[in-house]
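The block underneath contains the structure these notes are about, expressed in C-alpha cells.
The values are calculated or read from the model by the stated rules, or taken from the named source; none is laboratory data. Bear in mind the structure is a predicted one, so any value in this text is a computation, not a measurement. Neighbour counts run over all protein chains shown; Cβ positions are idealised from the backbone, glycine included. Heavy atoms of the whole protein, side chains included, go into the accessibility calculation; ligands, DNA and RNA do not. Shrake-Rupley method; radii C 1.70, N 1.55, O 1.52, S 1.80 Å.
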Amino acid sequence: MEYKAQKYFPIEIDFELDFCTNEAKIYTTDRLYNLNTVSSELGSDSSSNKETFLVIEVWTQLDDDDSDFFGNVLLYTRPSVLIILSIISYLLDHPLTAYEMSVGEMGIASGDRRPNEIKVSKFVHAQVDKSRDLLRILEAVYEKKESVNKFVVSLLSRWHKARYLETQDDASLFYEESFLVYFHIIELCSSHYSSQQSKEAQDKIERFTRELLSNNLKLRDHQLEQVSQEKYKAVRSILLADGQISITSKICYFLDKVKLLDIKTQYFVEQLVKIRNTIAHGRHVNHKILNWPLPSFFSINGDVENFIFEIRPFTARLIGAYLSLEAWIDKWADVHSCLHMPPEYVTKFINDNSFELITPTDFLKGTINGVRPSSLVKQFLSNRIKFQELEIGLRSFLFDVEVDEDSALEIFDAAIVLADSLDKKLSDRCRSIVVDIHENDLRFYFNMQNLLKEIEQQGVRLIWLREWVESGGHIS
C-alpha cells in the first residue's frame, strides 16, 4: 500500500520553489486553507494569514498488514525530508531543520500519485533564479551512480548541520563543533579522488625509476626489470610511506580537479588543517586570557572564530565546484580576495624591496605576488617577520595612502602596531591614521578596548594605543 506524508515549515526568508523528485513534491505556498491539518491548527480564518510555508509531500510503500503505519510512514519518509532540507538550505544559505517541521495530512495516497520524475518548475531566492543549480543537485542525488549519490548527500548533510550549529543563540559556543563538521566535508572531498591520486603517484615513481635506470644507468632486459622493481619499492617507501598521502595533499588534489587550486587557497587549507588538528587532538585550553564577549567555556583554538566565516563559503564552493554549480561563486570570490599569501611570499616582497616599486593603490590590491599591507601585519603578529621589517615594508605606503573606507581595513591594524615606532614621523602618521579611522567609523569593530586586547593577546605590547584608550582619548 502506498502512503503519503505531508510536512510543512513556516519560512521567513524570500524564496519561492516548486519541484519534485521521484518520491516527493516540494513547493512554497501561503494558501494555508489547502492544508487541512494546518488550517485546523491556525483557526478557520486561515486564508487571511499570509505567512509562507514550505510544504514537502513524500510517498512511501508499506505492507498492507503493517500494524504501525503511522510510525513507519514517519520513519521511512524522514530520509527524503532530510535530503530535501539539506539541498534547499545549501542553496539558501539558511538552515531549515526538522525542529521547525509540523506534520500535516498523512494516509493512503489515493488519487494522488507520486511524481516518479525529477522536475524543477521554479526556485527563486532573493530574485535570483536557482533552478538550474537545484536540478543539477537533484540529478546527482537521484540519478547518478550510488558512489556519487552517497558522496553528494554526505557533503550536503554535513554542511546543513554545520550551518545550523552556527545559527544557535550563543553561536560562539558551537564554533569549534561547527568548524569540525565543516572540516568533515574537506575530509570527504580529500578521499574522493585519493585512489586515483595514489595510483598516479605510484605510476610516476615507477616510470621515473625505470627511465633513470634505462636511459642514464644503461641497464637492460632482465637486469633492468629486477633492479627497477627493487628501486621502485625503495623510492616508493620514501615518497609514499605505507602508501599514505597527507590530507593537505589530498584536498589540494581535489581542488585541482575542480579548478579551485591556487597558492592562496592551498595556504588557506594548510591553516585549516592545523586548526583542525589542535581541536581534534586535545590541545590544552587557553585559560589565562579572555576577551569580550565572555565565553561560556574555554576554547581550544582561538583562531576558529576567525576562520568559521571563511570555511563556510569554502566548503560550500567545494560542493558547488564538484557539481558544476553557479552557487557560492560570488561569496567564495569575496572570501578568496581577502586570503593571504604564504609567509615566504611576504618575506620575498620585503627582501626584494617591492614596497619601493608599488603604488598605494596596487599595494592595496596585492598586485605583486598577492601581498597586501595586511599580509605584512599578519606575518608580524605570527612572529614570522620582525618589527623592523614591518616598518621598512609599510613606511612609504603609510605616508602616501589615502585614508578612506576602502583602505581602512588594510591599514588600521598596521597603523596601530606602528604607532609605537621609534621613527617619530612614522609613529605620528600612524597615530593620526588610527584616530581618523576611529572617529569617522571607517572600519567596523565592537570597541577599541576589545581590539586592544585582541592584538595584545597575540603577544604584541601596544604602548601608545593602551595609553590613548586608558586616558579616554578614543571617546569622542
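Brief remarks follow.
- Each residue, Ser237 and Leu82, gets one label point 7 Å from its Cα in the Cβ direction; the gap between the two is 4.5 nm.
- Hz values of 3J(HN,Hα) by residue in the stretch 78-92 - Karplus curve (6.51, -1.76, 1.60), Gly and Pro given as x: 4, x, 4, 4, 5, 5, 4, 5, 5, 5, 5, 4, 4, 6, 8
- Per residue solvent-accessible surface (Å²) - the stretch 76-218, probe of 1.4 Å: 52
- Rounded to 5, the percent of DSSP beta bridges in the chain classed as antiparallel: 100
- Pairs exceeding 25 Å between alpha-carbon atoms, taken from Lys250/Lys365; Lys119/Lys259; Lys264/Lys348; Lys161/Lys274; Lys122/Lys331; Lys199/Lys348: Lys250/Lys365; Lys119/Lys259; Lys199/Lys348.
- Along the stretch 227-237 the Karplus relation, 6.51 cos²θ - 1.76 cosθ + 1.60 evaluated at θ = phi - 60°, assigns HN-Hα couplings of 5, 4, 5, 5, 6, 4, 5, 5, 5, 4, 5 Hz to successive residues, with x for each Gly and Pro.
- Heavy-atom surface analysis with a 1.4 Å probe gives the stretch 327-428 a carbon and sulfur content of 50 percent of its accessible area.
- When exposed loop sites are taken as chymotrypsin sites (Phe, Trp or Tyr not before Pro) in a DSSP loop with at most 13 other Cβ atoms within 10 Å, the longest stretch of the chain clear of them is 1-296.
- Where labels lie 7 Å past Cα in the beta-carbon direction, separation of Gln168 and Val435 in nm: 4.5
- Here the sum of -39500 (n - 2.57) over DSSP H runs of 4 or more residues, divided by the residues of the chain, equals -17500 deg cm²/dmol at 222 nm, to the nearest 500.
- Counted over all Cα-Cα pairs of the stretch 349-437, pairs farther apart than 19 Å make up 30 percent.
- A cut-off of 5 Å between modelled amide H atoms, ignoring neighbours fewer than 5 places along the same chain, links Ser102 with Tyr8.
- A simple spin-label model places the labels of Asp303 and Glu177 2.4 nm from each other, with each point 7 Å out along Cα-to-Cβ.
- Global form of the chain, assessed from the alpha-carbon gyration tensor, a/c cut-off 1.5: oblate
- Within the chain, the longest run free of exposed loop sites, counting GluC sites (Glu not before Pro) that sit outside DSSP helix and strand states (H, G, I, E, B) and have at most 16 other Cβ atoms within 10 Å, spans 144-325.
- Å² of accessible area per residue within the stretch 324-476, as computed with a 1.4 Å probe and no ligands counted: 52
- Fully extending the segment from Leu422 to Ile475, taken as 0.36 nm per residue of separation minus the present Cα-Cα distance, adds 16.5 nm.
- A cut-off of 5 Å between modelled amide H atoms, ignoring neighbours fewer than 5 places along the same chain, links Leu219 with Ser214.
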